Structure formats: C-alpha cells, structure tokens
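Enquirer: A single structure is presented below for examination.
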Amino acid sequence: MKYKHILVALELSDESKVLIDRAVFLAELLDADVSFIHIDGTHGEIYHELVDLVTAPEQRPLTVEATEQLHGFAEYAKCTLKHFIVGTGDLGDKVKVAIAENDFDLLICGHHHDFWSKLISASRQVINSSPVDVLVVPMED
C-alpha cells in the first residue's frame, strides 16, 4: 500500500522527535503529506472542537506553553505540515474523528515499555479506535 497522508500523534516531550523523524523519512520515501495531532486529555474535554493550527493559528485550545512546544515540533520537522490538529479530551475518540475528516491513511504513535504503560496505554487506546493502519514505535524509557 502506498500511504498518501501520514498522521503523527505527539506527546509534549522530546521523545516525540523520534516519531517526527520516522514520519518525515517515510513521507520522503512515499511522497506523502505529513500532519501532526496532539490531544491533551489531562483535564477532560474542555474544548470540544479540534483546531487545525495550520489554518487557524490564532485559536489556542491549549496553554501557551503547550502551543509553543508544539510549534517547536513543527519547526523541528523541517517539512511542510498539511495539518496540525490539537484539542482536548479522549485521544482515541479525537484521533478517529481527525482521520475521518482528513483522509489520513497511516497513523504513527509511540509506545513506552514501562510499568505504567502496561497498565494504562494511550497507544492501545489509539490502536483500538483507529480505522487506518498504525505504526507503533517503541520509545526508550
């Protein structure tokens, strides 16, 4: 299968750069578009809509610090992002909506191999709700 639009699920940590590197590498090989998504689930769904920072940079559903860190990831990618989707709430639900609305055909996410990830795994939640192929990248602990 030739992927045309890769979505990368980012956390607010430098470990996300591993996912960005993987996406940019694949996109160059496949001549695919790259988009990012970050969903803050720490405070529930305080902002119901998904915001695309590419088309609506003035909207800020996240803190200033989080938005600045995400913009840093966009600069790090050194490629043009088609979408940069942010929001709050349930990661699995929001990723499913974003995929349906934007025709992504590959989702890249990370997975930690630590004690807490065995009990509560965001990547498992995403895998169970994703209607497209998922590339799970092991993250160093």
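The values are calculated or read from the model by the stated rules, or taken from the named source; none is laboratory data. For clarity, every value in this text was computed on a predicted model and none was experimentally measured. Methodologically, a virtual Cβ is constructed for each residue, glycine included, from the backbone with ideal geometry; neighbour enumeration extends over all protein chains shown.
Enquirer: Looking for something at pLDDT 90 or above and of a type in the set (S, T, Y) - is there at least one such residue anywhere in the range 62-70?
Expert: no
To keep it simple, each residue is scored yes or no on (1) modelled with pLDDT of 90 or more; (2) in a helix (DSSP H, G or I); (3) of a type outside the set (V, I, T).
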site	(1), (2), (3)
A100	yes, yes, yes
F104	yes, no, yes
I108	yes, no, no
K118	no, yes, yes
Q125	no, yes, yes
N128	no, yes, yes
V137	yes, no, no
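Enquirer: Still on this structure, I have one more. From the list L91, L81, L70, which residue is on the phi < 0 side of the Ramachandran plot and in contact with a Gly (Cβ under 9 Å, 6 or more places away or on another chain)?
Expert: Numbers: L81 fails: in contact with a Gly (Cβ under 9 Å, 6 or more places away or on another chain); L70 fails: in contact with a Gly (Cβ under 9 Å, 6 or more places away or on another chain).
Every option except L91 fails the conditions.
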